[in-house]
1. Write down the radius of gyration of the chain and its Dmax, each obtained from C-alpha positions, in Å.
2. Just to be sure I understand: with springs between alpha-carbon atoms less than 10 Å apart, which residue in 114, 61, 99 has the highest mean-square fluctuation in the Gaussian network model of the chain?
3. Could you list, in their original order, any pairs among 70/169; 101/133; 70/110; 110/133; 70/101; 48/101 whose Cα atoms are separated by more than 21 Å?
4. Could you give the length gained by full extension between residue 121 and residue 42, i.e. 0.36 nm per residue of separation minus their alpha carbon distance, to one decimal place?
5. With charges only on Cβ, +1 for K and R and -1 for D and E, what is the dipole size of the chain about its Cα centre, in debye, rounded to 20?
6. How much net charge surrounds residue 32 when only the other residues with a Cβ under 12 Å from the Cβ of residue 32 are counted, with Lys and Arg +1 and Asp and Glu -1?
7. Pick from 12, 77, 150: which is most flexible by mean-square fluctuation in a GNM of the chain where alpha carbon atoms under 10 Å apart are linked?
8. In the P(r) worked out for segment 1-73, what percent of Cα pairs fall beyond 15 Å?
Amino acid sequence: MTDDPRFDACLPWILRMEGGNDDDPHDHGGRTSRGVIQREYDAYRIAKGEPTRDVWTASDAEIADIYEHKYWLPFCPTMAAGVDLIYFDVAVNAGPGQAAKQLQRALGVKADGAIGPITLAALHASKPADLIKSFSEARRSFYQALAQFPRYGRGWLSRVNQIEVAALKMVVA
């Protein structure tokens, strides 16, 4: 656990959505453990001065550390409960740049992938439940436009739906 109760509340959702170990030949990420791909884990270990090893051997603490520092920070701690979960989930599933663009589309600001003063002002002026709904719609549109939608679309849309419900419950919690 970290010293951030919001991260601690959201991480179990991400781990549930990402599942365990996977090595799907059709997935661009390749060998993966709990959503962390091999090359990402290699970079993490090298940055820590440790030898690389199979991502399937990554500890829970390493996975949590990667998620916190690569996908949660710096923006999620500034977001309302629920909005933080959906943004975190998109960052993990589609990358931080795509998470920023989808958030911006949901907010109705220029979707340039750079979260700056305009995006932050719109974010803080938004109503969390409304933003979660529009963010979820932006996610559905994004996934439906991908070439791999026929193969993975059902799972992606299920994920969006589950995270949307969880995020909305966080708003009223």
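1. Taking only Cα atoms of the chain, I get Rg and Dmax of 15.9, 46 Å.
2. So, out of 114, 61, 99, the one fluctuating most is 61.
3. Correct reply: 70/169; 70/110; 48/101.
4. Working: separation 79, 0.36 × 79 = 28.44 nm, distance 3.65 nm.
Once the chain is fully extended between residue 121 and residue 42, it gains 24.8 nm.
5. Details: 20 positive and 22 negative charges, 138 e Å.
So the magnitude is around 660 debye.
6. -4
7. 150
8. 54
Bear in mind that the values in this text are calculations on the coordinates, not laboratory data. As the structure is a prediction and not an experimental result, all values here were calculated from the model. Using ideal geometry, Cβ is built from the backbone for each residue, glycine included, and neighbour counts are taken over all protein chains shown.
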